[in-house]
Each structure stands twice: as structure tokens, then as C-alpha cells.
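**Student:** One structure coming up, written as C-alpha cells, with questions to follow.
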Amino acid sequence: MMDIPAAAPTRGQACLLAEAEYAALLTMLRGLDDPQWAAPTECAPWSVRDLVAHLAGAADEAVHLRVQLRHLRAAKARIGEAEFVDVLNEEQLADRTGRPYGELLAELTELAIHAPKARMRTPWFIRRRPLPIEAGGPAGDTLAYLLDVIYTRDIWMHRIDIARATGCELVRSEVEDAVVEQVMRDLDRTWTDDPVRIELTGRVSGTWSIGGASPTTRIALDAVAACRLWSGRSDETGLQPDSPVHNALLSTRLLF
């Protein structure tokens with residue numbers, strides 16, 4: 001049990017988390033056939049192939065600074081016209097238009113070797129830049145948090161998307177508990193309602209005090225269902241909107 005969510009990971013810890021999640025992702029992808037690559041996902045209008053193109057694009061940004069800067073410039077230029085994250089995603093997919101499945105998998109396999117360490121080597125003047133409010137993160141976060149935490153969380157959530165779309169096994173990585181722990185940290189940082197003790201069950205388990213010490217309300221949630229809800233995907237939590245605490249959890253959105 002953990003009463004208070006842990007601090008953000010160090011660069012070294014963040015690197016290990018990313019490496020483990022990439023390894024689990026690649027294990028899943030190597031077992032897919034062509035119909036599974038083409039399967040629609042719940043991240044409409046993306047197919048599994050599009051999800052992989054996005055993940056390869058994010059890794060490409062980490063490994064090649066010029067790609068990262070080009071995509072960031074495109075996103076900033078369209079603030080007010082489109083969501084910041086949506087523009088980044090569009091740039092990632094556009095770079096891979098027409099690439100066959102095997103080529104995408106080969107590219108991601110190579111990039112995954114280098115991306116975790118490359119993110120940790122991102123120059124300080126980039127890491128310390130504020131994360132644009134349009135990205136959806138808590139106020140005051142920097143691009144370092146995007147590099148160290150959110151990109152790894154994104155891999156984990158997209159692995160769930162791929163498993164749900166294809167029916168393939170959701171391979172377990174050795175760091176899933178730590179990934180979800182950072183989700184709970186963000187929930188605690190952004191929570192403005194009465195304190196609540198949340199017990200996560202299922203794939204990841206643990207108990208956290210959110211919003212302050214000694215909460216009187218205790219709620220049990222399946223970990224995957226809760227994270228899918230907070231990422232803006234479907235609600236499979238069983239929370240009831242007529243309860244103020246449940247309603248607050250239902251309306252919570254975190255950056256994934």
C-alpha cells in the first residue's frame with residue numbers, strides 16, 4: 001500500500017521504464033498478422049498500424065532532435081487551430097504515409113533501442129521549456145515531464161489499445177506498477193475535491209490517498225479501466241454520476 005504517490009522518476013529510472021515498455025510493445029507487435037495490423041482501434045480513426053506509426057514517430061523525435069523541433073514548430077504554429085498533441089500526432093503519421101507493416105516494425109525496433117537514452121540526453125534548454133497548456137498536462141510541467149513520464153505512459157496505454165483491437169495477449173512488462181503509480185501521482189497533483197482513498201485492483205494493485213491525508217471515502221477501481229477513463233477512452237469503471245466523488249473521478253482527465 002502507498003499512502004502518497006511517489007515523486008517523478010529520475011532520468012535513470014525513466015530510461016529503464018521506457019526500455020521495459022518498448023520491449024513489451026515489440027513482443028506484442030511481432031505476433032500480429034496483417035488483418036490485426038489493419039484492425040480499427042478505440043482511438044478513432046486510427047488503426048493498429050496508425051498507433052504504431054505514432055509510437056515510431058514519438059521515438060523518432062527522441063532520437064533525432066531535428067525531427068522533434070520540426071514537429072514542435074508545426075504544433076506551435078497551429079495553436080488555436082488544432083490541439084497541440086493532435087498536431088504532433090499528425091506530423092508523426094504523415095512522416096510514415098504508405099509504409100508497410102514490416103517496415104514500420106523494423107523502424108520502431110531500431111528506434112526503441114535508442115529512444116529512452118536519447119530522451120534523457122535532450123538538451124536542458126529544451127527539457128526545461130514549459131509544456132504548453134494545450135498539451136493537457138498540469139500547469140507548471142515542463143517538456144522533461146513529457147519525455148520522462150508521459151511518453152512511457154503512452155506506450156503502456158497504446159499496448160492496451162492494441163490488445164483490445166486485435167485480441168492478442170497484453171504482454172506484461174516489469175514496470176507497469178511504476179507507470180500506473182505516476183498516473184496516481186498526476187491524479188493527486190490535480191485533484192481539487194475532498195480527499196479520497198483509491199484502491200486499484202486487477203492488473204496493477206495498490207492503494208493511494210488522493211487529495212490529502214486520512215480521507216474518509218474509499219473507492220475500489222480496476223486499474224486499467226480507471227486509466228482508460230482518465231485518458232478519455234471508454235468508461236468501464238462502474239462509477240455512478242449521482243455521487244459527487246464518483247462524478248469528480250468520472251470527469252477527471254489526465255495526460256496520456
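The values are calculated or read from the model by the stated rules, or taken from the named source; none is laboratory data. Only a predicted model underlies this, so the values are computations on that prediction, with no experimental measurement involved. Here the Cβ is made from the backbone with ideal geometry for all residues, glycine too, and neighbour counts use every protein chain on show.
**Student:** Of all residues in the range 1-54, which are small (G, A, S), in a helix (DSSP H, G or I) and surrounded by 12 or more Cβ atoms within 10 Å (Cβ to Cβ)? Write out each step before concluding.
**Tutor:** Just the residues of the range 1-54 that are small (G, A, S), to begin with: 6-8, 12, 14, 18, 20, 23-24, 31, 38-39, 44, 47, 53.
From what is left, the residues that are in a helix (DSSP H, G or I) are 12, 14, 18, 20, 23-24, 38, 53.
Hits for the range 1-54 are A14, A18, A20, A23, A24, A38, A53.
**Student:** Let me ask something additional. Consider V196 carefully, then state whether it is more than 14 Å from W156 (Cβ to Cβ), in contact with a helix residue (DSSP H, G or I) (Cβ under 7 Å, 6 or more places away or on another chain) and either buried (at least 16 other Cβ atoms within 10 Å of the Cβ) or hydroxyl-bearing (S, T, Y) (or both). Write out each step before concluding.
**Tutor:** On the way: more than 14 Å from W156 (Cβ to Cβ): yes; in contact with a helix residue (DSSP H, G or I) (Cβ under 7 Å, 6 or more places away or on another chain): yes; either buried (at least 16 other Cβ atoms within 10 Å of the Cβ) or hydroxyl-bearing (S, T, Y) (or both): yes.
Here the answer is yes, as V196 does meet what is asked.
**Student:** Condition check: over 16 Å from Y22 (Cα atoms), outside the structural domain of D235 (by TED's automatic domain parsing) and either in contact (Cβ under 8 Å) with a residue 12 or more places away in the chain or crowded, with 21+ Cβ neighbours inside 10 Å (or both). Does R121 satisfy that?
**Tutor:** Values: over 16 Å from Y22 (Cα atoms): yes; outside the structural domain of D235 (by TED's automatic domain parsing): yes; either in contact (Cβ under 8 Å) with a residue 12 or more places away in the chain or crowded, with 21+ Cβ neighbours inside 10 Å (or both): no.
It is false that R121 is over 16 Å from Y22 (Cα atoms), outside the structural domain of D235 (by TED's automatic domain parsing) and either in contact (Cβ under 8 Å) with a residue 12 or more places away in the chain or crowded, with 21+ Cβ neighbours inside 10 Å (or both).
**Student:** Where the second residue is assigned to a loop (DSSP other than H, G, I, E, B) and modelled with pLDDT of 95 or more and the first is under 15 Å from A106 (Cα atoms) and lies in the range 28-41, which pairs have Cβ atoms under 7 Å and are six or more apart or on separate chains?
**Tutor:** Close Cβ pairs (under 7 Å, with a partner that is assigned to a loop (DSSP other than H, G, I, E, B) and modelled with pLDDT of 95 or more) amount to M28/C168; M28/V171; G31/C168; L32/C168.
**Student:** Looking for something of a type in the set (V, I, T), under 27 Å from L229 (Cβ atoms), assigned by TED's automatic domain parsing to the domain that holds A135 and surrounded by 15 or more Cβ atoms within 10 Å (Cβ to Cβ) - is there at least one such residue anywhere in the range 66-77? I'd like the intermediate steps shown before the answer.
**Tutor:** Narrowing the range 66-77 to residues of a type in the set (V, I, T): 67.
Of the ones still in play, those that are also under 27 Å from L229 (Cβ atoms) are none.
Checked the range 66-77: no residue is of a type in the set (V, I, T), under 27 Å from L229 (Cβ atoms), assigned by TED's automatic domain parsing to the domain that holds A135 and surrounded by 15 or more Cβ atoms within 10 Å (Cβ to Cβ).
**Student:** Then there's this: Search the range 133-149 for residues being crowded, with 18+ Cβ neighbours inside 10 Å and of a type outside the set (A, V, I, L, M, F, W, C), and hand back the single one that is modelled with the highest pLDDT.
**Tutor:** Here the residue is D148.
**Student:** All but one of (1) charged (D, E, K, R); (2) within 23 Å of L16 (Cα to Cα); (3) not assigned by TED's automatic domain parsing to the domain that holds A59 hold for E236; which doesn't?
**Tutor:** (2)
**Student:** Let me ask another. Of all the residues that make up the range 1-38, how many are in contact with a strand residue (DSSP E or B) (Cβ under 6 Å, 6 or more places away or on another chain) and over 30 Å from R189 (Cβ atoms)?
**Tutor:** Residues that pass the stated criteria total 1.
**Student:** Tell me, which residue of the range 150-168 that is of a type outside the set (A, V, I, L, M) and within 20 Å of P35 (Cβ to Cβ) is surrounded by the fewest Cβ atoms within 10 Å (Cβ to Cβ)?
**Tutor:** Keep residues of the range 150-168 that are of a type outside the set (A, V, I, L, M), which gives 151-154, 156, 158-159, 161, 164, 166-168.
With within 20 Å of P35 (Cβ to Cβ) added as a condition, the list becomes 158-159, 161, 164, 166-168.
On the way: H158: 22, R159: 24, D161: 18, R164: 17, T166: 20, G167: 9, C168: 19.
That would be G167.
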